[in-house]
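These notes concern the structure reproduced below.
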Protein chains: 2
Amino acid sequence: MNFDQTEAIQILERTPQTLEVLLTGLSEGWLECSEGEGTWNAREVVEHLIEGEKTNWIPRLAFILAEGESKPFPSFDRYAHLKQKSAEELGPVLLEFKTIRAQNITRLRELVEGKDQLELTGSHPAFGTVKVRELLSAWVVHDLTHIAQIVRVMAKRYGADVGPWREYLGILHRS
Amino acid sequence: MNFDQTEAIQILERTPQTLEVLLTGLSEGWLECSEGEGTWNAREVVEHLIEGEKTNWIPRLAFILAEGESKPFPSFDRYAHLKQKSAEELGPVLLEFKTIRAQNITRLRELVEGKDQLELTGSHPAFGTVKVRELLSAWVVHDLTHIAQIVRVMAKRYGADVGPWREYLGILHRS
């Protein structure tokens with residue numbers, strides 16, 4: 001196992017700034033593109049990350065610490081952000097993500113103060129028994145998944161433009 | 001076709017800064033990890049990007065503009081950076097990438113001043129006839145590919161730690 005809370009926070013605290021540097025000031029062409037109907041553009045991905053901050057990672061952590069395995073934690077709607085009207089501008093969405101992420105890192109540090117707590121268990125509605133360590137690791141990997149998704153969506157915009165280089169560029173063949 | 005030089009440069013100029021924000025200050029655990037023997041850690045990926053700046057994208061562009069299809073351009077050794085002693089520190093590597101990328105963007109703007117030039121053709125040693133537009137699009141997608149690679153390598157470090165969440169995190173199943 002590689003999880004370490006200090007190292008995990010290194011990733012969690014970099015994600016908003018990484019997306020800010022990558023996305024701020026890009027033309028609409030980059031920001032609006034997706035992988036086709038029913039898939040997300042960059043802003044929708046950031047809105048999904050915000051939704052996770054509000055209803056998934058820290059709320060579930062708090063639930064496990066309070067309830068243990070006595071009852072399963074509420075399921076997380078991965079499409080909740082699509083039910084709201086999407087924001088017009090990316091800037092405020094990135095700022096909201098940065099703000100709520102910073103608050104949640106502070107909360108994480110308050111809630112988990114020692115390694116013993118990483119082995120505490122809760123009940124996931126689909127998976128059954130899960131550990132705090134697994135939840136926190138998944139939070140980190142979820143960030144990295146969605147950075148990769150944004151980058152992949154943008155790469156595919158030039159999927160035809162690259163001509164024969166397509167063969168060498170594996171990112172164009174992924175979904 | 002979606003290629004537009006101004007938009008392409010938006011990505012090319014963001015890549016060094018994106019990697020700087022993502023990687024600077026991370027613990028060795030994140031910087032040293034790879035996907036196993038013969039695969040690259042984050043620093044090796046940045047060294048590969050530097051090699052591309054030196055011997056691939058702009059040199060090939062200049063070659064096409066000078067030679068057309070009269071002779072194939074030299075092949076690019078994708079493993080050249082592994083033959084040199086790898087740097088000890090990531091900071092100077094990121095700085096070198098940022099510097100040479102900025103120079104190459106300036107050079108790109110000097111070499112390609114109008115859309116007509118995008119349709120000029122050269123001879124790729126493996127692909128045969130290729131267009132300037134295809135070369136420049138591949139440069140952009142190549143950046144995005146390697147950002148995705150770095151993020152994937154880091155995600156896999158927690159591949160076991162996430163426990164049952166593994167099923168939901170597609171990035172852990174890619175190579």
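Within this structure, residue B:83 passes the test of being surrounded by fewer than 16 Cβ atoms within 10 Å (Cβ to Cβ), free of Cβ contacts under 8 Å to residues at least 12 places away in the same chain and not aromatic (Phe, Trp, Tyr). Annotation: of all residues in segment A:96-120 being assigned to a helix (DSSP H, G or I) and surrounded by fewer than 13 Cβ atoms within 10 Å (Cβ to Cβ), the one that is nearest to the chain's Cα centre (by Cα) is A:103.
In the set (1) touching a residue at least 40 places away in the same chain (Cβ under 8 Å); (2) within 14 Å of chain A (Cβ to nearest Cβ); (3) of a type outside the set (Val, Ile, Thr); (4) closer than 26 Å to residue B:23 by Cβ, residue B:108 fails one condition alone, (2).
Residue count for segment A:124-148 under the criterion of being at positive phi and assigned to a helix (DSSP H, G or I): the result is 0. Screening residue B:84 on (1) within 19 Å of the chain's Cα centre (by Cα); (2) within 12 Å of chain A (Cβ to nearest Cβ) shows it passes everything except condition (2). Scanning segment B:50-63 for residues that are assigned to a helix (DSSP H, G or I) and either within 13 Å of another protein chain (Cβ to nearest Cβ) or without any contact (Cβ under 8 Å) to a residue 40 or more places away in the chain (or both) returns B:51, B:52, B:55, B:57, B:59, B:60.
Residue check: residue A:74 meets all listed conditions (1) in contact with a helix residue (DSSP H, G or I) (Cβ under 6 Å, 6 or more places away or on another chain); (2) over 16 Å from residue A:8 (Cα atoms) but one, namely (1). Being surrounded by 19 or more Cβ atoms within 10 Å (Cβ to Cβ) and facing another protein chain (nearest Cβ under 8 Å) is the filter here, so list the residues in segment B:121-134 that pass it. Within segment B:121-134, B:124, B:130, B:131, B:133, B:134 meet the criteria.
Annotation note: Cβ proximity below 9 Å between a residue of segment B:20-33 that is free of Cβ contacts under 8 Å to residues at least 40 places away in the same chain and closer than 14 Å to residue B:158 by Cα and a residue that is surrounded by 14 or more Cβ atoms within 10 Å (Cβ to Cβ) and not charged (D, E, K, R) (sequence gap 6+ or interchain) occurs for B:32/B:41; B:32/B:42.
In segment A:12-24, the qualifying residues are those that are more than 7 Å from chain B (Cβ to nearest Cβ) and of a type outside the set (Asp, Glu), and the one that is farthest from residue B:2 (Cα to Cα) is A:12. Is it fair to say residue B:151 is assigned to a helix (DSSP H, G or I), more than 9 Å from chain A (Cβ to nearest Cβ) and modelled with pLDDT of 95 or more? For residue B:151, the condition - assigned to a helix (DSSP H, G or I), more than 9 Å from chain A (Cβ to nearest Cβ) and modelled with pLDDT of 95 or more - is not met.
Taken together, A:106, A:24 contain a single residue that is β-branched (Val, Ile, Thr) and under 27 Å from residue A:171 (Cα atoms), which is A:24.
Checked against (1) over 27 Å from residue B:132 (Cα atoms); (2) in a loop (DSSP other than H, G, I, E, B); (3) among the acidic types (Asp, Glu), residue B:69 passes all but condition (1). With respect to residue A:91, is the statement that it is in contact (Cβ under 8 Å) with a residue 60 or more places away in the chain, surrounded by fewer than 16 Cβ atoms within 10 Å (Cβ to Cβ), more than 30 Å from residue A:70 (Cβ to Cβ) and not β-branched (Val, Ile, Thr) true? In short, yes. Among the residues making up segment A:154-169, those that are within 7 Å of another protein chain (Cβ to nearest Cβ), part of a helix (DSSP H, G or I) and surrounded by fewer than 21 Cβ atoms within 10 Å (Cβ to Cβ) are A:163, A:164, A:165.
Among the residues of segment B:10-32, those that are assigned to a helix (DSSP H, G or I) and of a type outside the set (A, V, I, L, M, F, W, C) comprise B:10, B:13, B:14, B:15, B:16, B:17, B:18, B:20, B:28, B:29, B:32. Do we find a residue being among the aliphatic types (A, V, I, L, M), over 23 Å from residue B:105 (Cβ atoms) and in contact with a helix residue (DSSP H, G or I) (Cβ under 9 Å, 6 or more places away or on another chain) anywhere in segment B:8-24? There is no residue in segment B:8-24 that is among the aliphatic types (A, V, I, L, M), over 23 Å from residue B:105 (Cβ atoms) and in contact with a helix residue (DSSP H, G or I) (Cβ under 9 Å, 6 or more places away or on another chain). Between B:35, B:47, B:7, the distinction of being of a type in the set (D, E, K, R), assigned to a helix (DSSP H, G or I), away from every other protein chain (no Cβ under 11 Å) and touching a Ser or Thr at 6+ places or on another chain (Cβ under 9 Å) belongs to B:47 only. Every residue in segment B:25-71 that is more than 24 Å from residue B:12 (Cβ to Cβ), within 19 Å of the chain's Cα centre (by Cα) and of a type in the set (Gly, Ala, Ser), please. Across segment B:25-71, the qualifying residues are B:34, B:38.
The values are calculated or read from the model by the stated rules, or taken from the named source; none is laboratory data. Treat the numbers as computed from the prediction; the structure is a model and nothing was measured. Positions of Cβ are backbone-derived with ideal geometry, glycine not excepted, and every protein chain shown enters the neighbour counts.
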